[in-house]
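Structure first, then comments.
Only the coordinates and a few stated rules stand behind these numbers; no lab work does. These numbers were taken from a predicted model, which means no experiment stands behind them. Cβ atoms come from the backbone with ideal geometry, glycine included; neighbour counts cover every protein chain shown.
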Amino acid sequence: MVSAGRVLIVPKGEWTNLTSYEMLDLVSEGDKAYLARQASVGMRPSEDISMTYWQPFGSSASIATTDTPGLVMPDGVTITVDATGLIVASLNVSDLKDIKITNLASGDFLKYDGTQSKWVNVALGTAAYKASTNAVTQNSTDLVESGGVFTVTDSLNTALANKVNTSAIANNLTTTASGSVLDARQGKTLSDTITNKHKITRKTVNTSSWSTDTSSQSGTTLYKKSISLSHVYVDSPSVDISTSSGTGLPTTAQQTAYDLLQYVTIDGTTMYLYASAVPSDTFYIQIEGVD
């Protein structure tokens, strides 16, 4: 009997330079497939320009990722493929129980009701998110519920602050005629502190009145400038770059000037700025918890 030799294609996977390949071996290199025309070892398919050993045989495909296209395999449960090749997506009722479709304009949302087997409209009522660019804080009304959760909390804190027994606090706190606790150092009541601890005040930082300071926290020579404040409501007011109006973005020159700041300190109602060099441009800062 006469042998016809190899007549079927034999998949060999990814090409390697140490494997001995025979005619009709099918390999992949990168995203392309190649069919062996004759035996070879170490002949890279992509470099066989004359196609003496390897014949291009279409393109291979890998599994798709979030960054590259490729093969996507249905999981056979929620995503299936029918006999016609049509992809079908399915969800069980249990998959829908936690899904809400919110309508921010009306304050309502759609929720799947398993007992009725349909989507129903649910009104949020007075507990709703209010559109705002501000973060939710104790003094904000971004989250409102029948007049504002945080407003009620602040009112309670204020009432408690005004009932403080002054004999139990520092000697520099006194009581006004109305019964409010007064901080004699800064001229404010404790209820003022609660109300204004998130208050934002903007200050202009110009290029004048900077002095050399050799006693800085870093142990190096810095440049010092003072800014007067009316009241300080928190122990460590936060400082950030701003613009003159508080809107828009600082210029590149203003950002460069602000980046010279190393740290700030507070002494009573005076804030001291410490910079590595005297700024060559005026810039603006916003301080939280002062006015």
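Observations on the structure shown:
- Counting only residues at least eight positions apart within a chain, or on another chain, the aspartates and glutamates with an alpha carbon under 14 Å from that of residue 12 are 22, 25, 29.
- Listed from fewest to most Cβ neighbours within 10 Å, the set 14, 29 follows the order 14, 29.
- Note on residue 277 and residue 89: the extension gain reaches 61.4 nm, defined as 0.36 nm multiplied by sequence separation minus the Cα-Cα distance.
- Stokes-Einstein, applied to the Kirkwood radius of the stretch 200-288 over Cα pairs at a viscosity of 1.002 mPa s and 20 °C, places its translational diffusion at 160 µm² s⁻¹.
- Overall, the ratio between the Cα radius of gyration of the stretch 10-59 and 2.2 N^0.38 Å, rounded to two decimals, is 0.94.
- Rg/Rh for the stretch 74-125 (Cα atoms only, Rh after Kirkwood) is 1.16.
- Distance between the pseudo-spin-label points of residue 6 and residue 22 (7 Å out from Cα toward the beta carbon): 0.6 nm.
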